[in-house]
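Here is the structure we will look at, set down as structure tokens.
The values are calculated or read from the model by the stated rules, or taken from the named source; none is laboratory data. Note that the coordinates shown come from a computational prediction; the quantities given were computed from them, not determined experimentally. Please note: Cβ atoms are built from the backbone with ideal geometry, for glycine as well, and neighbour counts cover all protein chains shown. Quick note on the areas: whole protein, heavy atoms, side chains included, nothing else; ligands and nucleic acids left out. Shrake-Rupley method; radii C 1.70, N 1.55, O 1.52, S 1.80 Å.
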Amino acid sequence: MEDCLAKKMEITVSEAEKRTGRNAVNMQETYTAYLIETRAVESHSEGQCAPVDSLWRRYSEFELLRNYLSVTYPHIVVPPLPEKRADFVWHKLSADNMDPDFVERRRIGLENFLLRVASHPVLCQDKIFFSFLTQEGGWKEMVNETGFQLKADSRLKALNATFRVKNPDKRFTELKHYSDELQSVISHLLRVRARVADRLYGVYKVHGNYGRVFSEWSAIEKEMGDGLQSAGHHMDVYAASIDDILEEEEHYADQLKEYLFYAEALRAVCRKHELMQYDLEMAAQDLTSKKQQCEELATGTVRTFSLKGMTSKFFGQETPEQREAKIKVLEEQIQEGEEQLKSKNLEGRDFVKSAWADIERFKEQKNHDLKEALISYAVMQISMCKKGIQVWTNAKECFSKM
């Protein structure tokens with residue numbers, strides 16, 4: 001971790017800007033661009049700060065970067081991007097992806113994504129990632145020239161592998177089930193949080209009615225008027241405070257949402273392992289078939305029904321020369337198949353070793369982050385309750401002075 005990019009470079013997404021331009025099919029569109037600022041950390045700068053470099057990126061460019069990382073490093077749990085459109089929000093908060101509050105939260109999420117990648121022991125060393133941070137022009141062409149899209153696994157192939165792998169790795173099967181359950185639990189938690197936020201919003205705002213009623217009442221009372229007016233003021237302040245509180249709470253929800261999306265990143269690693277296992281099993285099956293064909297040709301016995309066997313019965317046996325030629329071709333294919341199988345076995349073992357090391361790293365990170373998020377959420381709830389107690393304590397003092 002001492003050599004990670006995050007230790008050598010300060011990375012911030014400092015600003016978001018609404019823009020209008022033409023898309024790939026020459027239609028006008030409105031989008032948001034994000035300003036990425038980087039600065040080298042000078043350990044011996046003698047009090048002088050390194051200059052700041054900056055460039056603008058669209059959300060779609062962040063998506064392209066993440067897709068590249070996912071394909072290039074299939075054994076890594078690649079950090080997720082923040083949501084493109086808001087989900088699991090309380091109804092008073094806008095779900096519009098152009099809403100300033102949502103854009104601000106997404107800006108923070110994009111910065112967090114870059115810091116996650118820059119802190120990862122493997123991803124931080126990627127040249128394409130470094131270019132994303134430092135080279136504005138020609139970056140898209142550079143990433144496309146890597147040919148990563150040709151390596152991407154088709155969804156159909158991945159689906160087939162899931163159902164056709166004969167000997168799945170138990171650890172990855174359990175991990176896939178865990179990621180499904182993690183996603184389900186966090187989704188449910190976010191829905192509950194949104195409902196609580198809705199009710200809390202209503203409770204706070206209804207306190208504004210106390211303020212209005214106390215103020216109206218104070219107008220017809222001589223001796224009680226000042227106390228009622230003061231109590232009404234406390235209620236009004238309390239009612240108005242909920243907007244800022246719940247927007248702050250939404251940032252805690254975003255920390256949970258990150259791990260909602262991390263669940264899919266975990267499943268992606270499992271699917272890639274299934275594909276490798278599927279390819280390995282197909283290679284082993286093909287090798288076994290060729291060995292059997294070679295043995296049948298050498299001994300002149302056919303163990304299984306085949307169209308070739310039926311054809312030879314109808315049209316006569318092959319000559320010794322033809323059989324020898326076929327045996328020679330099969331022996332070459334068997335040798336190639338054995339080398340290929342050996343290579344796939346080695347590749348599979350390396351994948352499992354690397355993937356499991358990164359999964360263990362992810363688990364440690366997840367435990368730490370979710371613990372911090374839940375503690376922060378609890379502290380905020382305690383603070384809100386204390387504020388309610390303080391408001392009613394103040395109101396009680398106002399009533400006592402009447």
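Data table
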read-out: Residue within the stretch 218-227 that is over 19 Å from L374 (Cα atoms) and of a type in the set (K, R) present; value: yes
read-out: Residue match in the stretch 267-281 (condition: farther than 30 Å from E111 by Cα, without any contact (Cβ under 8 Å) to a residue 60 or more places away in the chain and in a helix (DSSP H, G or I)); value: no
read-out: Residue list for the stretch 160-190, restricted to those being modelled with pLDDT under 90, part of a helix (DSSP H, G or I) and more than 15 Å from V269 (Cα to Cα); value: N160, F163, R164
read-out: Subset of the stretch 305-330 that is open to solvent by 70 Å² or more (accessible area, probe 1.4 Å) and not in a helix (DSSP H, G or I) - its residue that is modelled with the highest pLDDT; value: Q317
read-out: Of all residues in the stretch 342-353 being in contact (Cβ under 8 Å) with a residue 24 or more places away in the chain and surrounded by fewer than 16 Cβ atoms within 10 Å (Cβ to Cβ), the one that is farthest from the chain's Cα centre (by Cα); value: N345
read-out: Meets criteria (within 35 Å of the chain's Cα centre (by Cα), farther than 28 Å from A373 by Cα and either among the basic types (K, R) or modelled with pLDDT of 90 or more (or both)) for K157; value: yes
read-out: Residues located in the stretch 169-217, provided they are open to solvent by 70 Å² or more (accessible area, probe 1.4 Å), of a type in the set (S, T, Y) and in contact with a helix residue (DSSP H, G or I) (Cβ under 7 Å, 6 or more places away or on another chain); value: Y210
read-out: Residue that is among the polar types (S, T, N, Q) and open to solvent by less than 50 Å² (accessible area, probe 1.4 Å), where the choices are Q292, Q277; value: Q277
read-out: Flag if A152 is modelled with pLDDT under 90, open to solvent by less than 20 Å² (accessible area, probe 1.4 Å) and small (G, A, S); value: no
read-out: Top-ranked residue of the stretch 12-58 - restricted to ones that are surrounded by 12 or more Cβ atoms within 10 Å (Cβ to Cβ), farther than 20 Å from L81 by Cα and of a type in the set (D, E), ranked as modelled with the lowest pLDDT; value: E42
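Results for (1) assigned to a helix (DSSP H, G or I); (2) under 30 Å from A219 (Cβ atoms); (3) at pLDDT 90 or above, shown as yes or no for each residue.
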residue	(1), (2), (3)
F362	yes, no, yes
I375	yes, no, yes
I382	yes, no, yes
C385	yes, no, yes
G388	yes, yes, yes
N394	yes, yes, yes
F399	yes, yes, yes
M402	no, yes, no
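To keep it simple, each residue is scored yes or no on (1) at pLDDT below 95; (2) outside any helix (DSSP H, G or I); (3) open to solvent by less than 10 Å² (accessible area, probe 1.4 Å); (4) in contact with a Lys or Arg (Cβ under 8 Å, 6 or more places away or on another chain).
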site	(1), (2), (3), (4)
I220	yes, yes, no, no
E223	yes, yes, no, no
D226	yes, no, no, yes
V237	yes, no, no, no
E247	yes, no, no, no
D254	yes, no, no, yes
